[in-house]
Structures are given as structure tokens and as C-alpha cells.
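See below for the structure under consideration.
Just so it is clear, none of the values below were taken in a lab; they were calculated from the coordinates. A quick note: this is a predicted structure, and the numbers were derived from the prediction, not measured. All Cβ positions, even for glycine, are placed from backbone atoms using ideal geometry, and neighbour counts span all protein chains on display.
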Amino acid sequence: MVKLNNLLLIVFLISFVSLGFSSKTKVVNAIIIEQKELPFVINLNPNPEAPRKLEIKSSNISVPIKFGPIKDGSWEVFEDSASYAEGSSYLNDTKQNTIIFAHARKALFKNLSNTDIGDEITIYGDSNIYRYSIVRREKISPENVNALMQENGDFNVTLFTCEGTNDEYRLLIRAKLIDITEINENEEVTQIG
């Protein structure tokens, strides 16, 4: 992986922004991207594995995940799924940070605020199941853009959503990889690590 200088600065918008890109997709709680110096990476992995589904059984969360591309300077946020942030790492880049975000709504990340340190997060890729343990919870202001960055390999996944009466905060959930399980052709689960 090659670190990029002068790539992206992520700025959270405090209020909802509705920008229609199609009749099915809206961008809300947009994140504006500008050229600055931050530690995003280019993935040179020959077999990248993107997240497809996320489960946190302790908080009754089960959501599909779609790729959240940057369109018109904002990460795309979906009404019916979580978003996997363009520019963050793939699941099998275990020394980097995969960023997944969604609205704080009942069918999405509403119950994310009910998670605790030690709770397990399961993320399904195309060929593997990745299990993580929550190691940190943070409540930050939308302007705290550095909070999304990886810190010394302390975590592998960052989940975030809005929080507060008027969505004035962002809840970040940090998790560390604990296990990878391979999915074989018969949809049986085989332990790898």
C-alpha cells in the first residue's frame, strides 16, 4: 500500500443536506471532501474484499452495506443500507481502517448507541466473515475530522452515525479484528484464524 499525501480532508456537515443524484438515492449528512494531507491509502491488494453485510447481535443490528462513493464532493449515504466509505481500506487489509456509516434510524444504525466495549461486530465479505471486538466508543463533534483516522493500528473498523437531539454529535465505534472465517462454496463456515 502506498500512502498518499495531499489527498482528502473530510468535513462533516452539522445538519442534513439533501442532494438528489437519482430518484432512488439521496445524499444526507454529507461529508465534503477537499484536497489536504491525510493518511488515506491506495489499496494494491490483488483480491480486495469489500464489506457486504454488518451484524451486531447484542444491539439487534443487521444491515446490508453498499459502496459509498464520493459524488460531487460528498460520501453517499443511503436510506436502505450502511455505506462503506470510498478511500477507506478493504476488510482484508487488516492493518488499516475500514469505515462504515449509516443513518441513526431503526433499520440502520439507531441501536449503535446501545453497543458496549467488548461487543462483537460481524462483517460479511464475498468470501470471508470478519469478527471484531469493540475497543472504543467516542462521541465527537462533526468538525472533528481527525477522529476517522487510524491510530497506530489500534483498530481495524470504524462505524459512525449521528447522535443527539438534533444530530449535533457523531458516535464513533472502534473495533479490533479478532477472527476471520472463510465461507466455502456450500455456504458452510470454516475457521481460518
> Which residues in region 85-99 place their backbone N less than 17 Å from a point set 7 Å from the Cα of K176 along the Cα-to-Cβ direction?
Replying inline: 94-98
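If you rank K176, K139 by fewest surrounding Cβ atoms within 10 Å, what's the result? If you can, show how the numbers build up before the last one.
On the way: K176 16, K139 12.
Starting with the residue having the fewest Cβ neighbours, the order is K139, K176.
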>> Can you sort F67, F155, F101 from fewest to most other Cβ atoms within 10 Å of each residue's own Cβ?
In response: F67, F155, F101
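Taking every pair of distinct Cα atoms and averaging 1/r, then inverting, what Kirkwood hydrodynamic radius in Å comes out for region 48-191?
With all distinct Cα pairs of region 48-191 included, I get 15.3 Å.
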> Which cross-chain or sequence-distant (5 or more) residues have an amide H under 5 Å from the amide H of G125, H modelled 1.01 Å from N in plane?
Replying inline: R52, Y130
> Looking at region 72-152, what % of the alpha carbon pairs are farther apart than 18 Å?
Replying inline: 52 percent
> How do I70, I173, I178, I134 rank when sorted from fewest to most other Cβ atoms within 10 Å of their own Cβ?
Replying inline: I178, I70, I134, I173
> Within a Cβ distance under 10 Å of K66, other residues only, what is the Lys/Arg minus Asp/Glu net charge?
Replying inline: -1
